[in-house]
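As structure tokens, the structure follows; a few thoughts come after it.
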Amino acid sequence: MSATVGYLQAYAEKTKWKPSLGSKESAKQALQETSWADGLRGIAAVYVMFSHLTMAFARYIVRPADGEMGPQQWMQKPILRLVGQGQAWVACFIILSGFVNSLKAIKLIRQGNVEGALSNLAVSSFRRSFRLFLPATAATIISWFICQFGAYETARQSDAYWLYITSPQPSYSWGTAVEDLIKAIRNTWLFNPDNVYDQPQWALLYLLEGSMVCFTALLATANLTTRWRLATYTGCWFWSWNWGIRIGDPMVCPDIFAGIMLAELNHSDIPLALSQISPFFAPPMVIVSLVLMSFPSEFHTWASWCKFLLEWFNRVSPTNAELSRFWPTIGAQLLILTCVLSPHLRRALSHKHLLWLGKISFPLYLLHGSFMRSLFSWMLFARSKLVEMEERSRDQTYIVMRYPLPGYMTFFIATPIFFGALFTAAHYWANKVEPHFGMITKSAEDLMFAKKERPAVLPVRQERPD
């Protein structure tokens, strides 16, 4: 019998077998895991990339219909049109940032270890800056370097909208190029961020701001009871819809406070109490959240479901709430709330392939723009010739020379190669490049936190004997 038990234990460890969620004990086990956040982060990164592909090659998906109350194509319908809803998936990034950054600190606070929580916040806030700045700077340098050799010229002259508006020209000289690089790195971390070499980095400043808001809120409420902490976070969530606009992005603070409250919920007994009925409430909650996330950034009166949400926005929205991002933000918060409450959804998001996507999510976010403007553009427009096209800017119409969009067969051949190269590069970055950033962060932490004994800058003066 003991040999059989030992064999089963070894098999379970080898295959990473997990029990089904039929019992409350297995549900409790699933609710203790937080790897699902990595799976959802990976999905969000892929959808952000899809949104840029949509803006480049299928802009009709941005509209909810073909004309006001006109016919809808399949990809314009709710949920399906999420491939073009980049702002909704960026909201998921920010909510998950607030959730993950506050998990350990809240756990320590609930255990009464306030001192340990404060120490954790100090270290986490320090590491967060490095973990965002170092990879982003490296990606900018790579993009800048290949741009100087004309790698983006094909994309810049194409008729793919997102490609030609995000593809910079090479600098006039290498001296000017160095100045442009420094400006791009600096502008990534200024208000109204604008990195000409990697446009998706506009969100990094707000991720950093959100992290600092998260750490500050936890620091200010560390000594409060759980009830009063939640009351404070709830009040800040409502209030931040108004003053959040002052930091340049009105949705950062509501998402961060939602993430903190979800971390509190994660450490409570509520998810376990609802685990047995989660198969009944989770699916409709996910559907509602995805529909809300599908709300378009413009053309709000072109479809009946959009007009319905527009009417409700006018009734319930706080002051200064941004219409184009209000419902996608609420939908993202509802989606992650469902994940926190449902052990079944957590288990689904913890699949090994989704965890792999989560591992490469940040490299994928940083690299996909450069690959789209270079390799993908070369393959798509290699056989194209420049033709005259009309473009309108306000009240003016002028003629430009652009490469026309290729046919479906070219997309069919080029797209798998593009995805294969991009995901391979992201995997290599996560496994070979990212550890070096971790080492730099650790060295800076040891230096600035005085974790290693270092020799004095000046030698100690020795008293000379008389």
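Here is how the numbers come out for the structure above:
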quantity: Per residue Cα convex hull volume in Å³ - calculated over the chain; calculated: 244 Å³
quantity: Rg/Rh (Cα only; Kirkwood hydrodynamic radius) as it applies to segment 150-217; calculated: 1.10
quantity: Segment 163-207: relative contact order as a whole-number percent, Cα under 8 Å and 6+ apart; calculated: 32 percent
quantity: Size of charge dipole - segment 34-113 - debye, nearest 20, with Cβ of Lys, Arg +1 and Asp, Glu -1, no other charges; calculated: 300 debye
quantity: Cα-centred dipole magnitude for the chain, charges only on beta-carbon of K, R (+1) and D, E (-1), debye, nearest 20; calculated: 1000 debye
quantity: Fraction of accessible area attributable to carbon and sulfur, segment 220-377 (%, probe 1.4 Å); calculated: 68 percent
quantity: q = 0.11, 0.13, 0.20, 0.24 Å⁻¹: log10 I(q)/I(0) that the Debye formula gives for segment 188-285, counting C-alpha atoms only; calculated: -0.45, -0.60, -0.99, -1.17
quantity: Kirkwood Rh and Cα Rg combined as Rg/Rh, segment 364-446; calculated: 1.22
quantity: Filter on 77/352; 352/432; 77/307; 104/432; 183/359; 77/359 - keep pairs with C-alpha separation over 23 Å; calculated: 77/352; 104/432; 183/359; 77/359
quantity: Positive-pole candidate from 424, 413, 108, dipole of the chain, charges at beta carbon; calculated: 108
quantity: Accessible area (Å², per residue) of the chain, counting only protein heavy atoms and a probe of 1.4 Å; calculated: 52 Å²
quantity: P(r) weight above 20 Å for segment 280-391, C-alpha pairs, percent; calculated: 64 percent
quantity: Counting DSSP beta bridges with both ends in the chain, the antiparallel % (nearest 5); calculated: 90 percent
quantity: Share of Cα-Cα pairs in segment 41-129 lying beyond 22 Å, as whole percent; calculated: 49 percent
quantity: Highest average packing first - 336-346, 59-69, Cβ atoms within 10 Å; calculated: 336-346, 59-69
quantity: Order of exposure, largest accessible area first, which applies to 179, 322, 445 with probe 1.4 Å; calculated: 179, 322, 445
quantity: Accessible-area composition of segment 162-205, carbon plus sulfur, in percent [1.4 Å probe]; calculated: 58 percent
quantity: Mean separation of Cα contacts under 8 Å (6+ apart) over length of segment 51-145, as relative contact order %; calculated: 17 percent
quantity: Farthest positive-ward along the chain dipole, Cα basis, beta-carbon charges - from 306, 129, 261; calculated: 261
quantity: Solvent-accessible area of residue 225 with every protein chain in place, 1.4 Å probe, in Å² to the nearest 10; calculated: 80 Å²
quantity: Estimated FRET transfer efficiency (residue 123, residue 33; beta-carbon r; R0 22 Å; 0.05); calculated: 0.40
quantity: Farthest positive-ward along the chain dipole, Cα basis, beta-carbon charges - from 80, 389, 34; calculated: 34
quantity: Other-chain or far-sequence residues with amide H under 5 Å of residue 158's (modelled H); calculated: 403
quantity: Helix-only mean residue ellipticity at 222 nm for the chain, each DSSP H run of n ≥ 4 adding -39500 (n - 2.57), per residue, nearest 500; calculated: -21000 deg cm²/dmol
quantity: Tail fraction, Cα-Cα pairs, segment 28-73, threshold 11 Å, whole percent; calculated: 73 percent
quantity: Directionally averaged shadow of segment 105-170, computed from the convex hull of its alpha-carbon atoms, nm²; calculated: 6.4 nm²
quantity: Rg/Rh for segment 56-190, where both radii come from Cα atoms and Rh is the Kirkwood radius; calculated: 1.13
quantity: Over the chain, relative contact order from alpha-carbon pairs under 8 Å, at least 6 apart, %; calculated: 24 percent
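The values are calculated or read from the model by the stated rules, or taken from the named source; none is laboratory data. Please read all numbers here as calculations on a predicted model, not as lab measurements. Note: ideal-geometry Cβ built from the backbone for every residue, glycine included; neighbour counts use all protein chains shown. Each accessible area value is taken on the protein alone, full model and side chains, heavy atoms only, with ligands, DNA and RNA left out. Shrake-Rupley method; radii C 1.70, N 1.55, O 1.52, S 1.80 Å.
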